[in-house]
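To keep things clear, I will list the structure first and then write my remarks on it.
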């Protein structure tokens with residue numbers, strides 16, 4: 001009787017990233033394309049919570065992670081709507097890491113380019129962000145020009161640094177911010 005050939009299956013670490021909206025989804029897909037190669041040992045699943053505030057994003061992450069075993073679960077969400085200590089406690093209870101966009105995703109992206117928009121309205125932030133990327137932020141390929149590895153790896157934004165750590169990027173040369181959780 002012929003001996004069956006055993007196929008060695010690679011063990012993967014698994015990461016679930018939940019983006020609050022379509023822009024976050026596109027950005028997360030862009031970053032995944034940059035840093036996660038096939039056969040790297042990391043399998044990344046990215047889903048969109050389709051807005052509705054921080055509590056909804058956390059709930060989507062909890063529901064999705066309940067159906068599939070992920071090593072790490074993280075949610076990229078805005079803190080301008082529905083963010084509270086109760087939402088943070090719920091995330092902690094269920095092992096969901098929070099990647100905060102303060103106060104919103106567009107402001108986080110603008111700060112990475114040294115553009116401070118303190119006190120500006122949501123509409124102004126969105127308009128300025130659209131001007132920066134010269135298109136819509138809904139497609140991952142639109143992030144390449146302004147958010148390449150040099151910008152991402154040199155940022156002082158702790159949210160982005162934590163995201164890169166989840167993707168296995170070694171940022172040991174950067175000191176963590178004392179106020180990031």
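The values are calculated or read from the model by the stated rules, or taken from the named source; none is laboratory data. The shown structure was predicted, so the numbers you read here are calculated from the model rather than taken from an experiment. Glycine also receives a Cβ, built like all others from the backbone with ideal geometry; neighbour counts cover every protein chain displayed.
Among the strands (runs of 3 or more DSSP E) confined wholly to segment 41-127, which include 2 or more residues that are closer than 16 Å to residue 160 by Cα and in contact (Cβ under 8 Å) with a residue 60 or more places away in the chain?
72-78, 96-101
Looking at segment 145-161, which of its residues are farther than 14 Å from residue 113 by Cβ and either touching a strand residue (DSSP E or B) at 6+ places or on another chain (Cβ under 8 Å) or not in a helix (DSSP H, G or I) (or both)?
Of everything in segment 145-161, just one residue is farther than 14 Å from residue 113 by Cβ and either touching a strand residue (DSSP E or B) at 6+ places or on another chain (Cβ under 8 Å) or not in a helix (DSSP H, G or I) (or both), namely 159.
Would you point out the residue of segment 162-178, among those that are within 20 Å of residue 114 (Cβ to Cβ) and at pLDDT below 95, that is surrounded by the fewest Cβ atoms within 10 Å (Cβ to Cβ)?
175
Where residues in segment 13-24 are over 8 Å from the mean Cα position of the chain (by Cα) and more than 14 Å from residue 73 (Cβ to Cβ), which of them is surrounded by the fewest Cβ atoms within 10 Å (Cβ to Cβ)?
Step one: of segment 13-24, the residues over 8 Å from the mean Cα position of the chain (by Cα) are 13-16, 20-23.
Next, only the ones that are more than 14 Å from residue 73 (Cβ to Cβ) stay: 20-23.
Values: 20: 26, 21: 20, 22: 15, 23: 26.
By that ranking, first place goes to 22.
Of (1) closer than 17 Å to residue 23 by Cβ; (2) touching a residue at least 40 places away in the same chain (Cβ under 8 Å), residue 148 satisfies all except one. Which?
Result: residue 148 fails condition (1) only.
Go through (1) outside any loop (DSSP other than H, G, I, E, B); (2) surrounded by 17 or more Cβ atoms within 10 Å (Cβ to Cβ) one by one and return the number of the condition residue 137 breaks.
(1)
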